[in-house]
């Protein structure tokens with residue numbers, strides 16, 4: 001008979017199955033588990049596997065990315081300084097004849113450019129006085145644009161915006177905490193400043209690809225490269241999968257640079273050689289900026305960072 005008797009304690013109406021609140025108190029209505037057969041879920045899964053693989057295999061190279069990026073960013077300034085020194089008389093003739101520089105002013109203009117580019121580029125590589133070095137190189141970009149009369153050339157303008165973007169990435173990487181030097185303006189923390197500089201650097205870096213799109217002859221291959229590149233540039237600008245988009249642009253620009261700006265295949269006396277060499281090293285500079293983006297990430301003002309907070 002005792003087996004038929006319920007000897008358990010009766011459950012009162014005030015009984016709480018989770019008195020310590022360890023269970024999930026959020027309502028489960030409306031929640032559905034991810035469907036593994038959903039195409040979007042399959043794409044996310046493949047993307048995650050690719051990201052994990054790239055993260056694993058890139059570990060040996062990762063410690064060297066900052067140095068590689070900084071060197072590539074300033075290599076165009078080294079090349080420019082060397083070109084001025086080896087073509088000193090031609091540079092003087094151009095400035096005095098076509099830009100109407102006075103004798104002496106043209107010499108001083110070239111000498112200041114060479115000294116600034118060599119010293120500031122070396123400082124960037126050695127990570128010494130980086131803020132002043134970046135300002136010096138920015139001033140060289142602007143002064144040369146006006147001095148050589150190329151500031152209104154669209155291709156030159158877009159390329160130099162991308163070079164400036166690379167320099168901004170260098171500045172963001174080495175930014176230090178300091179008080180605002182502007183009296184009366186609210187101070188901004190290092191984190192706030194860094195995320196705004198990273199946003200500016202990301203946006204400026206993509207202008208080179210815009211220059212690539214608007215110049216040259218169109219072909220089927222060029223259309224496909226332009227479409228994929230434009231999509232990657234948009235993702236870099238808004239900070240969505242920014243690292244992997246930057247890696248794609250590094251690969252595309254590197255291949256493009258070798259096959260299109262192959263200055264070594266042109267005779268040394270041909271005038272096109274200098275233009276191709278200039279474009280080649282400028283593209284290397286922008287590739288360096290993208291490598292720094294891969295290393296330090298897109299910053300706080302990006303879709304990637306917003307997704308992390310949620």
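The values are calculated or read from the model by the stated rules, or taken from the named source; none is laboratory data. The structure displayed is predicted, hence computed values, not measured ones. Cβ placement follows ideal geometry from the backbone for every residue including glycine, while neighbour counts extend to all protein chains displayed.
Here are some notes:
- Residue check for residue 242: crowded, with 17+ Cβ neighbours inside 10 Å and modelled with pLDDT of 80 or more: no
- The set of residues in segment 104-130 being over 18 Å from the mean Cα position of the chain (by Cα) and at pLDDT below 90 consists of 104, 126, 127, 128, 129.
- Members of segment 72-114 that are within 30 Å of residue 295 (Cα to Cα) and surrounded by fewer than 17 Cβ atoms within 10 Å (Cβ to Cβ): 78, 82
- Selected residue (criterion: farthest from residue 72 (Cα to Cα)) from residues of segment 267-298 that are part of a helix (DSSP H, G or I) and without any contact (Cβ under 8 Å) to a residue 40 or more places away in the chain: 272
- In the set (1) more than 17 Å from residue 145 (Cβ to Cβ); (2) at pLDDT 85 or above; (3) part of a helix (DSSP H, G or I), residue 65 fails one condition alone, (2).
- Here residue 226 clears all of (1) within 25 Å of residue 197 (Cα to Cα); (2) surrounded by 15 or more Cβ atoms within 10 Å (Cβ to Cβ) except the condition numbered (1).
- Remark: pairs (first residue in segment 251-266, free of Cβ contacts under 8 Å to residues at least 12 places away in the same chain; second residue surrounded by fewer than 15 Cβ atoms within 10 Å (Cβ to Cβ); Cβ separation under 7 Å; 6+ apart in sequence or on different chains) = 266/272.
- Any hit, segment 136-148, residues being at pLDDT below 85 and touching a helix residue (DSSP H, G or I) at 6+ places or on another chain (Cβ under 7 Å): no
- Selection status of residue 213, in contact with a helix residue (DSSP H, G or I) (Cβ under 7 Å, 6 or more places away or on another chain), modelled with pLDDT under 80 and buried (at least 17 other Cβ atoms within 10 Å of the Cβ): yes
- Checked against (1) buried (at least 18 other Cβ atoms within 10 Å of the Cβ); (2) under 23 Å from residue 287 (Cβ atoms); (3) modelled with pLDDT of 90 or more, residue 166 passes all but condition (3).
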